[in-house]
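Every number in this text was worked out from the coordinates using simple rules, so none of it is lab data. Treat the numbers as computed from the prediction; the structure is a model and nothing was measured. Here the Cβ positions follow ideal geometry from the backbone for every residue, glycine too, while neighbour counts run over all protein chains shown.
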Amino acid sequence: MPQEPQNKEVEEHIQSAVEEAKQQVTASRTSSYHRRRIARMLLGLYALQLTLFAVLAWWVHYHPILPIDVAITREFQENPAPWLKIIMIVVSYPGSTFILPALILLTAIIFWVVDLRLEALFVIGLSAVSEGLNVLVKILVARPRPTTHLVEVFQAATGQSFPSGHVMAYLAYWGLLFSFGIILFKGKSWWRILLLVVSALFVVLIGPSRIYLGDHWASDVLGSYLIGGALLGIALWIYLQLKQRGVLETKGRERE
C-alpha cells in the first residue's frame, strides 16, 4: 500500500520536530540559582503591588467616578486616527473572543509535548485563577463602567469595571510566557526573542487599549496591572519552588 509509507514518513517528521524542540528547551535552560534570584526580586515587587491594589480598590469603591479618570480617557481619545483605533481593537480582540482560551490550551499542549509539564499546568492554572479572582473582585468593588455621557465608548462591554478582565487575563497568559522566556531560556534564539517581544507588547498595550476603547477607566487598568502582577509573582514563586523539587520532571530531564 503506497499510503502506509507516506504516513510513516509524516510520523517520522513529526517525531523529529518534537525531539528537536525538546533538545532546544534542554539546551536553553538556566541554572536553579538564576531562577531563585529572579524570584526573590519579583516577590518584593509584587508584594508592593498587592498593597497598592488594596488601597486603590477601596478608593474606587467609594469614589466610582474620578475626574482624573475622565481626563485621561479623553486625552487618550483625542487622536481619532483610524490606524490607532484599529491597533487598539486588534490588541483587545483575543481577550474578547475564543482566541485567548485557544492559545492557552495550545500553549499548554506544546509545553507538555516538550516535557515542560509543570509549565503546562501553570499556563492553564494561572489563567483559571486569574479569571476567578477578577470576577470576585468585580463583585466586591461593584464599580460601573464608563458611560457615553462622559467619554466615547467604542466597544460597549457588560459587567462591572474594576479591575479590567482583559488586563488580568493578558498578564496571566502573556506575562507568564514572558517570565518563562526569562527564567527557563537563555541566549539569542529567534524563537526566544519572538516570545519575549510578542508577550511584552500584548502586556504593555492591553491597558491603553481598554482605556482608548472606553471599556475601562485608567484606574481600572492600573488596578489590574497591580493585582495581576501580584498574582503572577505568587504563581512564579510557587512554580520555582516546585521546579527546584523536580515536580513533574521526566526521568530523562531529572538525569540532566
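How high is the FRET efficiency from T97 to W191, r the C-beta distance, R0 30 Å, rounded to 0.05?
Working: r = 25 Å, r/R0 = 0.84.
Computed FRET efficiency for T97 and W191 comes out at 0.75.
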Any idea what diffusion coefficient segment 49-110 gets from Stokes-Einstein, in µm²/s, Kirkwood Rh on alpha carbon pairs, 20 °C, 1.002 mPa s?
-> 142 µm²/s
Which whole-Hz ³J(HN,Hα) couplings does segment 207-216 yield from phi under the Karplus relation 6.51 cos²θ - 1.76 cosθ + 1.60, θ = phi - 60°, glycine and proline marked x?
-> x, x, 4, 5, 6, 4, 6, x, 7, 9
Rounded to the nearest 0.05, FRET efficiency between I89 and R37 (Cβ-Cβ, R0 35 Å) equals 0.35
Distance in nm between label sites at I65 and L140, each 7 Å beyond Cα in the beta-carbon direction?
-> 2.6 nm
What ranking do 158-165, 211-218 get when scored by the average of other Cβ atoms within 10 Å per residue, highest first?
-> 211-218, 158-165
